[in-house]
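Quick note: the coordinates plus some simple rules give every number you see, no bench work behind them. All values reported here derive from a predicted model rather than from experimental measurement. Here the Cβ positions follow ideal geometry from the backbone for every residue, glycine too, while neighbour counts run over all protein chains shown.
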Amino acid sequence: MKRIAVFPGSFDPFTLGHLDIIDRAEDLFDEIIVAIGTNAAKKYMWTLEERKERLETLFKNRPTIKVETYDGLTADFCKARDAKYILRGLRNTTDFNYEQTIAQANQKVNGVDSVFLISSPEHSFISSSIVRDIARNSGDYSALVP
Ligand code: ADP
């Protein structure tokens, strides 16, 4: 049985913090699906196509890392892909508090377990929203993204 994990997120944009989580989780799973969630109510800075293309290019030589888009519940997407695990990164207690109840609900309702990796100290300050702030003000964010 293949151990498949879904790494869900907006990835608007994908940062070095996200990459760090994938690099470190690679050995834990046979396959990681980087799943770009689409939420019609949310305003994104980069289009879904831009985000998907960027990730496909980044992982084109890594066959165990797949890139997909999805809408609806992450747990339903996991079921459709036969993924038993959701991979998430934790930077701080705010992330933890947000993730805890979602992970417990996913486990109880769908039998999907979440696997958390604590971010590396050098990446824990990085967030997509900081990158978007810099981008909006025409700043240089190249040190924060792959
Ligand atoms: P979401 O909108 O679902 O939070 P994000 O694209 O912001 O999506 O993040 C996806 C996942 O990556 C989340 O688990 C988030 O906590 C994690 N993550 C984001 N930034 C970092 C970072 N700098 N280090 C480690 N994990 C991170």
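I need the calculated FRET efficiency for the pair residue 76 and residue 124, taking r as the beta carbon distance and R₀ as 30 Å, to the nearest 0.05.
0.50
Once you've got the GNM for the chain with C-alpha springs shorter than 10 Å, pick whichever of 84, 108, 42 has the biggest mean-square fluctuation.
42
How big is the convex hull of the Cα atoms of the stretch 48-122, per residue, in Å³?
Looking at the stretch 48-122, the number lands at 126 Å³ per residue.
Rounded to whole Å and sorted largest first, list the principal axis extents of the Cα atoms in the chain.
Per principal axis, max minus min of the Cα coordinates gives 45, 34, 32 Å.
With angles folded into 0 to 90 degrees, how steeply does helix 48-58 sit against the dominant principal axis of the chain? Use alpha carbons for both and round to 10.
Tilt of helix 48-58: around 80 degrees.
Please give the calculated 222 nm ellipticity per residue for the chain, where each DSSP H segment of at least 4 residues contributes -39500 (n - 2.57) and the sum is spread over every residue; nearest 500 deg cm²/dmol?
The helix contribution divided over the chain gives -10000 deg cm²/dmol.
Sort 85, 98 by Cβ crowding within 10 Å, fewest neighbours at the top.
98, 85
What does the convex hull of the Cα atoms come to per residue for the stretch 1-69, in Å³?
In the stretch 1-69, the Cα hull volume divided by residue count equals 83 Å³.
Which of 45, 1 has the fewest other C-beta atoms within 10 Å, and how do the rest follow up to the most?
1, 45
Exposure proxy check: 28, 117 ranked by fewest other beta carbons within 10 Å?
Ascending Cβ contact count within 10 Å gives the list 28, 117.
With label points built 7 Å along Cα→Cβ from the Cα atoms of residue 40 and residue 105, find their separation and express it in nm.
In this crude label model, residue 40 to residue 105 measures out at 2.0 nm.
To the nearest 20 Debye, how big is the dipole of the chain about its Cα centre, given +1 on the beta carbon of each Lys and Arg and -1 on that of each Asp and Glu?
260 debye
For the stretch 103-146 and the stretch 18-56, write down the distance between their C-alpha centroids in whole Å.
Going from one Cα centre to the other spans 10 Å.
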